[in-house]
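We did not get these values from a lab; they are worked out from the coordinates using the rules stated. Computed from a predicted structure; not experimentally measured. All Cβ positions, glycine included, derive from the backbone under ideal geometry; neighbour counts span all protein chains shown.
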Amino acid sequence: MTSKIEEILLRKKTQTQLLKNPRVLSEAYLPDKLLFREKEIEEIIDHAGDFMFGSIPKNLVIHGPPGTGKTAAMMMIKRVYNNVATKNNVDTRAIYISAKELTYHKVLYTLAINLNLNVNKGMSIGGIYDAILKHLKREGMRYLLIVDELDKIRRNTKMGDSPIDSLVYSLSRINERVQRIAVDLFLVTNNARLVERLSAPSLSSLTPIFIYFRSYNADELYEILKNRADLAFEEGAVDDAALKLLAALIKRESRDLRWGFLVLRTAASTAENGKITEGSIWRAAEIVERNVLKQVISGLDADGLILLLALAVLSEKRNHLIDSSTLYVKYKYLCDTLEWPPRTMKHVINYIGAKLESEGLVTRRPVSKGRYGRTQIFHLEENAFTVKNIVREVLAERFNLRPSLSSL
Ligand SMILES: Nc1ncnc2c1ncn2[C@@H]1O[C@H](COP(=O)(O)OP(=O)(O)OP(=O)(O)O)[C@@H](O)[C@H]1O
Ligand SMILES: [Mg+2]
């Protein structure tokens, strides 16, 4: 027993010795330099310079897949912009707002707070917008407004209209409303089509220039990972082959650098003899994947969990596509075992099935059964054994159902 405890403690010692600077692998870390992004950053800075020194507002839409350095680039640009403005006594300032999970109201509110306005959350959208306009009319300061994660803005279910459209419309009309050049907009999104789909009035007052952040190829990913690993780990702790493998996995599994950094961090605990090898990367990737999957599964309600368990159990045994009747029979059987009241077949197959599909856990496809009508074929998108075990864990944690579950 003592030796086991000692071993666990010592493992921590090796981990911390290996990973001397875990911060550089965290989300919050901003690198000094972004590799392979010089051209894009120069182009953005060029437009920012036009606004700073020439009062020429050029609205930009910066777009590209996840993890391609958009946020990091904007943070960097904001910092440099504000430093240069201060040093050269130019009355301009860059403001960064992430719209992620914020409503249209909350984005405007956050902007008002950034402008040091006396607003409160109880004020209406119109009230906050007017306060912003009034302020910008009065003072001479110009603002480079960076709105990140525009596509992740929260939809207000009560309002039928698109919050992105409303936001873009109101922000892009500020200059016209205050009758001076007061703002320049840099909008950041994964999806540029979102901007193309804006209503005609929003699009015409925005008239954006598009800047694309393409994804990195495997060699570039390797360079970025290597750069970061050199800062994070003890010298010589990470095998080159391990980093090459990680870069290849990011490409093959359509993951991004954020996932890569997480795997690297986790690899500190799967290292062998103080070294991160290809084996450590495989094991770390498995741990990270399992945690992500567990997070998604933990978000399901009881019926979703039971349906997923039914599909996992069936898939594990037969390993082929499962039709809705077979799936429903299994779901009902599990409900009986767990003493949980089952939902109707229509509800389970259509609504709960759709929920699992929207989470990316299953796919469904309608097939014809000739004169017997139509049915749906379900396919589990993740490893059945892993899903089964995770669902069991989640059910056990949530409903204290351990005894009855072990028999499944
Ligand atoms: N060229 C690069 N050089 C060094 N690090 C990079 C580079 N590109 C991205 N990163 C790092 O990868 C991580 C993800 O980048 P970032 O958050 O900027 O992506 P993003 O394009 O904003 O993604 P999303 O669309 O999901 O918001 C960050 O930790 C960032 O520092
Ligand atoms: Mg981002």
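Based on alpha-carbon atoms, the Kirkwood radius and the radius of gyration of the stretch 300-405 give Rg/Rh equal to 0.96.
Applying a DSSP loop filter and a limit of 10 other Cβ atoms within 10 Å to the GluC sites (Glu not before Pro) in the stretch 288-342 leaves Glu339.
Ranking Thr344, Gly274, Tyr222 by how far each Cα lies toward the positive end of the dipole of the chain (charges on Cβ) leaves Thr344 at the top. Scaling against 2.2 N^0.38 Å puts the C-alpha radius of gyration of the chain at 1.21. If the label point is 7 Å along Cα→Cβ of Ser199, which residues in the stretch 103-136 have backbone nitrogen under 16 Å from it? Counting backbone N atoms under 16 Å from the label point, the list is 104-105, 126. Rg then Dmax, both in Å and based on the Cα atoms of the stretch 128-193: 13.2, 37.
Percent of C-alpha pairs per 5 Å bin in the stretch 74-227, short distances first: 1, 8, 16, 20, 20, 15, 9, 5, 3, 2, 0. A protection proxy built from the mean count of other Cβ atoms within 10 Å ranks the segments 366-374, 136-144, 255-263, most packed first, as 255-263, 136-144, 366-374.
Its DSSP H runs of at least 4 residues, each contributing -39,500 (n - 2.57), put the calculated 222 nm mean residue ellipticity of the chain at -17000 deg cm²/dmol, to the nearest 500.
A simple charge model with +1 on the Cβ of Lys and Arg, -1 on the Cβ of Asp and Glu and nothing else charged puts the dipole of the stretch 107-148 at about 140 debye relative to its Cα centre.
Under a Gaussian network description of the chain, with springs only between Cα atoms under 10 Å, the residue in Lys226, Lys317, Lys388 that fluctuates furthest is Lys317. Across all C-alpha atoms in the stretch 1-44, the radius of gyration and Dmax reach 19.1, 62 Å. Checking the cross-link pairs Lys58/Lys121; Lys20/Lys244; Lys70/Lys294; Lys4/Lys388; Lys78/Lys152; Lys106/Lys134 against a 25 Å limit on the alpha carbon distance flags Lys58/Lys121; Lys70/Lys294; Lys4/Lys388 as lying beyond it. Taking θ as phi - 60° and the Karplus parameters 6.51, -1.76 and 1.60, the scalar couplings of the stretch 29-42 work out to 6, 10, x, 5, 9, 9, 6, 6, 10, 4, 4, 5, 5, 4 Hz in sequence order, x denoting glycine and proline. Only Cα pairs under 8 Å and 6+ residues apart enter the sum, and on that basis the relative contact order of the chain stands at 16 percent. Taking only the C-alpha atoms of the stretch 194-328, Rg followed by Dmax gives 21.3, 63 Å. Comparing His63, His135, His347 in a Gaussian network model of the chain (Cα springs below 10 Å), the most mobile by mean-square fluctuation is His347.
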